[in-house]
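The values are calculated or read from the model by the stated rules, or taken from the named source; none is laboratory data. As the structure is a prediction and not an experimental result, all values here were calculated from the model. Neighbour counts are summed over all protein chains in view; Cβ atoms, including those assigned to glycine, are modelled from backbone coordinates with ideal geometry.
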Amino acid sequence: MIFKTEAAFETAMIDALKNKGWEDRVLRYSTEEELLKNWASILFENNRGIDRLNDAPLTDTEMQQILEKILALRTPLKINGFINGKTVSITRDNPDDPLHLGKEVSLKIYDRREIAAGQSRYQIVQQPTFKTRSKILNDRRGDLMLLINGMPVIHIELKKTGIPVSQAYHQIEKYSDEGVFTGIFSMVQIFVAMQPEETVYFSNPGPDGIFNKDFYFHWADFNNEPINNWNDICAYLLSIPMAHQMIGFYTVADDLDGVLKVMRSYQYYAANAISDRVSKIDWHDKHMLGGYIWHTTGSGKTMTSFKSAQLIANSQDADKVIFLMDRIELGTQSLREYRAFSDDNEEVQAT
């Protein structure tokens, strides 16, 4: 399909996303303030029980407490831990909740395992409005932003047919340089640059990071054949459940180099295949067979093996995952990297 205007492409993208698990009601031209109110509404609906918000909505100052936590975290790497930490604590100041007034309550924000289920919400924002840090520059408008449980986690820039995808990712780089991905927008984990016949995706390097084109990836199928058609990207990368899984399971906060990383498609298929195979194992079977996944040199074996173990541990399909190395220096290096990749509640032990 040929799109002569960016607006036509944008409309088609929205329709495709609606057919792939995103809500029909589109938020249009939303400002940061409006998105904070939207998030507050979702937090209220997901936490209105007596032990949390006690049927009393969040006040503006309570939402400010949450926003201040995000501002303090500042980088996408740290914010990834916040998102996947499941909960956030606030001190209640709403007098309509006398039971908790002045007390700390814990609010559920996101559960990586509630994929297209439970309390998960998936919203599309059309042309979100960004403020720049400059007093001279006008407000900016992005193309599309995807919210999970009210949090903006994926930002998409589009270009019409015939315009190279490089112009879309240069637009993202320009917006970042102008300081628009701050406040609630600093929660963006993944950027997607698209034109109808080519798409690249990459993690948000944050305010101090560098955009590195070596880590701008094309999505591919199980056989590593590139997927470039925009409609297929909506179906295989931006769909629900895939987008939820990408944020919850296939981003990696690497504390070693302080960078948020997103997995390549072949790493996703490898880790997912291992985890899926383990989930079906009968541990009492006396005739179990082994298996293997191979990667070429420099293709991210360490991250794939770590992520496979993390998926198995999270699904509780095994009590312990053991890594066996054939060289001492490889073991030392891998242990350091595994510990850098791990969540705060995960333990990676040396032997």
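Filtered by the rule that a residue be within 13 Å of residue 74 (Cβ to Cβ), without any contact (Cβ under 8 Å) to a residue 60 or more places away in the chain and either of a type in the set (Gly, Ala, Ser) or touching a strand residue (DSSP E or B) at 6+ places or on another chain (Cβ under 7 Å) (or both), the stretch 174-198 gives a lone residue, 179. Here residue 35 clears all of (1) farther than 18 Å from residue 154 by Cβ; (2) at pLDDT 95 or above except the condition numbered (1). Of the residues in the stretch 121-129, not one is outside any loop (DSSP other than H, G, I, E, B) and exposed (fewer than 13 other Cβ atoms within 10 Å of the Cβ).
State which residue is nearest to residue 254 (Cα to Cα) when the search covers only the stretch 270-306 and only residues that are charged (D, E, K, R) and part of a loop (DSSP other than H, G, I, E, B). Selected residue: 280. A single entry from 344, 255, 326 fulfils the requirement of being at pLDDT 85 or above and either out of contact with any Phe, Trp or Tyr (no Cβ under 6 Å at 6 or more places or on another chain) or outside the structural domain of residue 201 (by TED's automatic domain parsing) (or both): 255. Which one is farthest from residue 152 (Cα to Cα), of the residues in the stretch 38-75 that are assigned to a helix (DSSP H, G or I) and hydroxyl-bearing (Ser, Thr, Tyr)? It comes out as 61.
The set of residues in the stretch 306-323 that are exposed (fewer than 14 other Cβ atoms within 10 Å of the Cβ) and among the aliphatic types (A, V, I, L, M) contains only 322. Any residue at all in the stretch 53-60 that's closer than 28 Å to residue 204 by Cβ and at pLDDT 95 or above? There is at least one residue in the stretch 53-60 that is closer than 28 Å to residue 204 by Cβ and at pLDDT 95 or above. Scanning the stretch 325-343 for residues that are farther than 11 Å from residue 302 by Cα, assigned to a helix (DSSP H, G or I) and not hydrophobic (A, V, I, L, M, F, W, C) yields a total of 3.
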